[in-house]
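*Asks:* Got a structure here, written out as structure tokens. Questions coming.
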Amino acid sequence: MEQQTSVNNYNGSLQKAVGSGFTATSTTADVIKGIDLTGKIAIVTGGYAGIGLETVKTFAEAGAKVVVPARDVNKAAKNLEGIQNVTIEKMDLMDPASIDAFAEKFLETNSTLDILVNNAGIMWVPLQRDARGYESQLATNHLGHFQLTARLWPALKKADGSRVVAVSSFGHQMAPFNFEDPNFEHREYETLSGYGQSKTANNLFAVELDRRGKADGVRAFSLHPGSVNGTDLGRVAPMDLFQKMGTHDAEGNIFPDVAKKLKTIPQGAATTVWCATSPQLNNVGGLYCENAEVAELDLGSIDHNYNDPLTLRGVKPYSLDAENAKRLWTLSEELTGVTFMAD
């Protein structure tokens, strides 16, 4: 794999399985086995619920010190109670000033940052805007994390071998990135399109971040955790969306045969942990992963059925496209007012 260190994943050129040995049923315990994170420092956004919480537990149990930036500090304190080596700090991804304050406080510790997991996200919400007028799914899922990564860049570089992991989704297949109107100012708001383009942005950001960062020892990955039971990600999503997908009945109950096919939270967090820690990924980056393996490039040959979550796989070429990745980087700098790493 050494020869791949000078290659990027533009247009999915490296989207090939590495033979990880893991599957959709592999858990965090499986992928962390034999890996010691003693002395490492990790930051996990949204690390106090669902797969983020499981990611934090796994890192901490493997010896890492974990910082969890939280919009709801009280909820975070309750959910993280009893877990060793965890620190909670205030931060809201929709509030640029709070992102800067969090990063500044971390940098003042003079710590290296070995792992940054951009895990927090919102899904299928009604139209909401931040103070700048940016649509909330784009602001939270991508722009906030772009700014956070930029502000933490000195600590990521200092680690001399760090990883940035973006928790994306199969939902990127719902929409490419709309460069003409990313904030729905001139088109009707569709929450699925808003979510889809924010997840496409996660993939494009990982591709470009890895290309720019590898010279400083920073590698980036994006991933689909799978369809996971027991998270609160879709808590405000309209039930009719799930019903249209055929996963829920008229009363709003998930069909038992669908529920049986969903991942557990330890299975859902496995790909995050694998991307953040696996030695199998030491010399590559910019990859989109799923089921603790590098995902297949979806060129239209994969049949997707929402009744069968295992068929919700593959990565769309537009979310790894070279021109899209460069264009999104430039747009993200303009929208956030944050510049880091010249081309």
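*Asks:* Rounded to the nearest 500 deg cm²/dmol, what is the calculated helix-only ellipticity per residue at 222 nm for the chain, with -39500 (n - 2.57) per DSSP H run of length n ≥ 4?
*Replies:* -9000 deg cm²/dmol
*Asks:* If you keep only loop residues by DSSP, which trypsin sites (Lys or Arg not before Pro) in the stretch 256-337 have at most 11 other Cβ atoms within 10 Å of their Cβ?
*Replies:* Lys260
*Asks:* I'd like the trypsin sites (Lys or Arg not before Pro) in the stretch 19-63 restricted to DSSP loop residues with at most 10 other Cβ atoms within 10 Å, sorted by number.
*Replies:* The qualifying sites are Lys33.
*Asks:* Related question: In nm, give the distance between the simple-model label positions of Ile35 and Glu61, each being 7 Å from the Cα along the Cα-to-Cβ direction.
*Replies:* So the two model labels end up 1.4 nm from each other.
*Asks:* Extending each Cα 7 Å along its Cβ direction at His186 and Asp160, get the distance between those two points in nm, one decimal.
*Replies:* 5.0 nm
*Asks:* Here's another thing I want to ask about it. Got a sec? Charge dipole of the chain, +1 on Cβ for Lys and Arg, -1 for Asp and Glu; which of Val73, Asn9, Gly226 is way out at the positive end?
*Replies:* It is Val73.
*Asks:* Any idea of the accessible area per residue across the chain, 1.4 Å probe, to the nearest Å²?
*Replies:* 41 Å²
*Asks:* Less than 17 Å from a label point 7 Å out along the Cα-to-Cβ axis of Ala17: which backbone N atoms in the stretch 279-319 qualify, by residue?
*Replies:* Only 280-281, 288-299, 301-303, 310-315 pass the distance filter.
*Asks:* Expressed in nm to one decimal, what extension gain is obtained for the pair Thr264 and Lys105 from 0.36 nm per residue of sequence separation less their Cα-Cα distance?
*Replies:* Here the answer is 53.8 nm.
*Asks:* Quick one: Debye curve from the C-alpha atoms of the chain, no solvent, what's log10 I(q)/I(0) at q = 0.10 Å⁻¹?
*Replies:* After summing over all Cα pairs, the log10 values are -0.53.
*Asks:* Using a Förster distance of 35 angstrom, determine the FRET efficiency expected from the C-beta separation of Thr330 and Leu310, and round it to 0.05.
*Replies:* The value I calculate is 0.40.
*Asks:* Related question: On the protein heavy atoms, probe 1.4 angstrom, tell me the percent of accessible surface of the chain carried by carbon and sulfur.
*Replies:* 49 percent
The values are calculated or read from the model by the stated rules, or taken from the named source; none is laboratory data. Quantities reported herein were computed from a predicted structural model and do not represent experimental measurements. Quick reminder, even Gly has a Cβ in these numbers, built from the backbone with ideal geometry, and neighbours come from all protein chains shown. Just so you know, the surface numbers come from the protein's heavy atoms only, side chains and all, with ligands and any DNA or RNA stripped out. Shrake-Rupley method; radii C 1.70, N 1.55, O 1.52, S 1.80 Å.
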